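K.L.:
There's a structure below that I have some questions on.
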Amino acid sequence: MTVQTLGNAILILLLIGWVGYRQLTWRPVVVSRMWRGPAVFAVVGAVLLVQQSHPATITALDLAVISGEIVLSLAIGAWMGAIARFRRLPEPVVAGKNPTDIAVYESRTGVLGLMLWVAVIAVRVVIDVLASQAGAHLVASTGIILLVFAANRAARTAVFAARLDRHAAVAA
């Protein structure tokens, strides 16, 4: 086992725990804050990808597998956003350190959201193993893991934001 493989396994376990906890608990919703996570993960993933890869090592198989993985991650993220439950807070609350981040609603996706998240990770691991055996080694990089994670969270946030806007319009 290489250091990168061990690091990726630890990263995956941390992401499962962090996202799993967030799926099961009611959390105040501030859409602008929800975009920060996917943005940070995408930037860090892209930087790591550039540092870890060389132009000569990127194959058509790498690009095909990565594209498929990102599309799948986007689809499951959108599904997670679609199943989210909302409830109005008794009083608006400041969510975080910025006093302008006011939450009026809270949300969670529950057990189905957690199951979808575990499915993303399971599919990611299976694709990683199969693609690596077929010669697509870029797929196993930490940068790709973070980009897939960012895609999932971005799609979830986009659907979430659209639903929350409709929900707020109906409630008004």
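K.L.:
Would you confirm whether or not region 106-129 contains a residue that is open to solvent by 10 Å² or more (accessible area, probe 1.4 Å), among the aliphatic types (A, V, I, L, M) and under 20 Å from Ser32 (Cα atoms)?
P.N.:
No: zero hits.
K.L.:
Further, regarding this structure: Only one of Leu130, Leu114, Leu138, Leu147 is modelled with pLDDT of 90 or more and out of contact with any His (no Cβ under 9 Å at 6 or more places or on another chain); which?
P.N.:
Criteria check complete, one pass: Leu147.
K.L.:
Just the residues that are loosely packed, with under 15 Cβ neighbours inside 10 Å, within 12 Å of the chain's Cα centre (by Cα) and β-branched (Val, Ile, Thr), please, taken from region 13-70.
P.N.:
Hit for region 13-70 is Val40, nothing else.
K.L.:
Mind checking whether some residue in region 77-84 is within 21 Å of Gly143 (Cα to Cα) and at pLDDT 90 or above?
P.N.:
yes
K.L.:
A follow-up question, please. Exactly one of these conditions fails for Ala122: (1) assigned to a helix (DSSP H, G or I); (2) over 15 Å from the mean Cα position of the chain (by Cα). Give me its number.
P.N.:
(2)
K.L.:
Restricting attention to region 81-91, does a residue exist that is of a type outside the set (Gly, Ala, Ser), touching a residue at least 60 places away in the same chain (Cβ under 8 Å), open to solvent by 70 Å² or more (accessible area, probe 1.4 Å) and not in a helix (DSSP H, G or I)?
P.N.:
yes
K.L.:
Go through Gly135, Gly143, Gly96 for me and flag whichever is under 18 Å from the mean Cα position of the chain (by Cα) and touching a residue at least 24 places away in the same chain (Cβ under 8 Å).
P.N.:
So the residue among Gly135, Gly143, Gly96 that is under 18 Å from the mean Cα position of the chain (by Cα) and touching a residue at least 24 places away in the same chain (Cβ under 8 Å) is Gly143.
K.L.:
Can you name the number of the only condition in (1) closer than 23 Å to Thr2 by Cα; (2) among the hydrophobic types (A, V, I, L, M, F, W, C); (3) in a helix (DSSP H, G or I) that Trp117 fails?
P.N.:
(1)
The values are calculated or read from the model by the stated rules, or taken from the named source; none is laboratory data. As the structure is a computational prediction, the values presented were derived from the model and not from experiment. Every residue, glycine among them, receives a Cβ derived from its backbone with ideal geometry; neighbour counts consider all protein chains shown. When the accessible area is computed, the model is the full protein with side chains, heavy atoms only, and any ligands, DNA or RNA have been set aside. Shrake-Rupley method; radii C 1.70, N 1.55, O 1.52, S 1.80 Å.
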